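Each remark here refers to the structure printed beneath this line.
All of the numbers you see were taken from the coordinates with simple rules; none came from a lab. Just so it is clear, the structure is predicted and the values come from calculations on it, not from any experiment. Quick reminder, even Gly has a Cβ in these numbers, built from the backbone with ideal geometry, and neighbours come from all protein chains shown.
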Ligand code: SF4
């Protein structure tokens, strides 16, 4: 993937983003999929693999990732002495090595508490934690348990980059939901290991199926495209997606 800097942002931003991408790739080691990739749609992940050398992404569109990484880095350095921060764990699922990274695991209390930091907009929490966040933490907890760690509770620590005090006041007056503060802990339900393993096996098999072909037309379209908004505005591989091409031909997005 080629990273561009069309707006000419200061070089440290560009270098920092390159460093983040490299450390993510190196940290994954010889795994077939990270949990993030596994939970994502097989088509988008496979397109990234197939067209890696042709994909161009601009730094401006990756600033949210950079900001998230900066937060992670500072919090990693500030973790308690016996807590575990930014730990990557691995497991074999249906013949593939899968890895996941824990942001923070508190081990100095009776329960093992796993926390995932989210740098996100407030709206993403309007209807409770997203389905993929719940699966991501449950799968990570499962991998941690397989590697000998104790995880009893899980939470997302959401830091809302768009939170406004004035909006919080208005929401309180109109009795509508809005986060009360810029940071909020959200408890994540704990699934059974049996349920998690079943989910993991299904996801691995879907991705393995997608890897059998070099022709993206053989892979099903992504499940949740947010009524096309994701394809049109946020997808980094839309240029190579056969379904996007079809839609353009039918003028749905033109
Ligand atoms: S354009 Fe849409 S369907 Fe195609 S890979 Fe991207 S998100 Fe998935």
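Which value in deg cm²/dmol, rounded to the nearest 500, describes the helix-derived mean residue ellipticity at 222 nm for the chain, given -39,500 (n - 2.57) per DSSP H run of n ≥ 4 and division by the residue count?
Working: 8 runs with 99 residues, N = 254.
Helices in the chain give a 222 nm mean residue ellipticity of -12000 deg cm²/dmol.
Looking only at segment 2-244, where both bridge partners belong to it, what percent of the DSSP beta bridges are antiparallel (to the nearest 5)?
Counting DSSP beta bridges with both partners in segment 2-244, the antiparallel share is about 60 percent.
Quick one: among 236, 180, 21, which has the greatest mean-square fluctuation in a GNM of the chain with alpha-carbon springs under 10 angstrom?
Maximum among the listed residues: 180.
How do 94, 222 line up, fewest other C-beta atoms within 10 Å first?
94, 222
Which order results if 241, 174 are arranged by neighbouring Cβ count within 10 Å, fewest first?
174, 241
What ranking do 204-217, 138-151 get when scored by the average of other Cβ atoms within 10 Å per residue, highest first?
The peptides rank, most packed first, as 138-151, 204-217.
Could you order peptides 6-15, 46-55 by the average number of other Cβ atoms within 10 Å of their residues, highest first?
On the way: 6-15: 11.2, 46-55: 15.2.
Going by the mean number of other Cβ atoms within 10 Å, highest first, we get 46-55, 6-15.
Per residue Cα convex hull volume for the chain, in cubic angstrom?
Numbers: hull volume 42.9 nm³, N = 254.
In the chain, the Cα convex hull volume per residue is 169 Å³.
Need one number: nm distance between label points at residue 234 and residue 206, each 7 Å from Cα along Cα→Cβ, rounded to one decimal.
Between residue 234 and residue 206, the simple spin-label model gives 1.6 nm.
Given a 10 angstrom Cα cut-off, can you work out which residue in 176, 33, 153 is the most mobile in a GNM of the chain?
Checking each option, the largest mean-square fluctuation is seen for 176.
Taking neighbour Cβ counts within 10 Å as the exposure measure, how do 240, 160 sort from fewest upward?
Ranking 240, 160 by Cβ neighbours within 10 Å, fewest first, gives 240, 160.
Could you tell me the calculated FRET efficiency between residue 173 and residue 127, based on Cβ-Cβ distance and R0 = 30 angstrom, to the nearest 0.05?
Efficiency for this residue pair is about 0.85.
Based only on Cα atoms, what Rg/Rh ratio does segment 48-120 have, Rh being taken as Kirkwood's radius?
Here Rg/Rh amounts to 1.08.
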